[in-house]
Amino acid sequence: MCHPAAFIAVAVIQQQQAQQAEDAQVRAMNQAAEQNAKMQGEAYQHDMASAYAEEINIEKEGYKSAEDAASAKLDMLVMAREDQARLQSQNFETVGGGQTADAIMGNLRRHIANNVRDLEDNFQRGVTSRRQERGGITRDRISRRLQYKSALQSMPTQSYASANERMLKTGGAVFQGYAGYKSYTKVTPAADTGTSSTKLNA
């Protein structure tokens, strides 16, 4: 007749094997999550570095544009001064078409003012365009960060069974083993009774 310890030992061993399989699954899932987090982190850092470099380029472009605009404006003003000095030194009252020297000077000033205004307008359009580009980069960075967080949350790490959970499962296995033993031994009395009846009839 089988001893109850044998049934209990089998049940406990099966429970331990199941727990080892569960631990291996948790370990594999955590390794996959860690690998995913590493790859996502590297991709995120690369994207953030690219966005930062793009912002730096926009800033440099803005500085260069401002320098170019200031240089062009200065050149225009220098040319205007030179033209004014040249006209004043010519000492004449009218020039072909009946225009006076004052009228010619007025036309020159308006021409320079229009050129300067066009230069300022172009510069301001560039400022607006660069501001919009920076705004787009900022929105992209926020969106990328949300994607990064979502990617990390899509593969969270799993927890191993606690000591209490393991003890409860082992206790359940012991109970299951003993219950199996009791179920197995229920047929024994009936078998013994049958044998005794045969002996009495003989």
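The values are calculated or read from the model by the stated rules, or taken from the named source; none is laboratory data. This structure is a prediction, so every number in the text was calculated from the model and none was measured. Because the Cβ atoms are built from the backbone with ideal geometry, glycine has one as well, and the counts that use them run over all protein chains shown.
Some points to look at:
- Considering the range 61-82, and only residues there that are surrounded by 14 or more Cβ atoms within 10 Å (Cβ to Cβ) and touching a residue at least 40 places away in the same chain (Cβ under 8 Å), the residue that is farthest from ARG109 (Cα to Cα) turns out to be GLU61.
- Candidate set from the range 107-149 (those that are surrounded by 15 or more Cβ atoms within 10 Å (Cβ to Cβ) and more than 34 Å from the chain's Cα centre (by Cα)); member that is farthest from LYS60 (Cα to Cα): LEU108
- Any chance ALA72 is at pLDDT 80 or above, more than 19 Å from ILE137 (Cα to Cα) and assigned to a helix (DSSP H, G or I): yes
- Considering residues of the range 116-173 that are part of a loop (DSSP other than H, G, I, E, B) and in contact with a helix residue (DSSP H, G or I) (Cβ under 6 Å, 6 or more places away or on another chain) only, the residue farthest from ALA18 (Cα to Cα): MET155
- Subset of the range 25-48 [closer than 12 Å to SER159 by Cα and either basic (Lys, Arg) or exposed (fewer than 11 other Cβ atoms within 10 Å of the Cβ) (or both)]: ARG27
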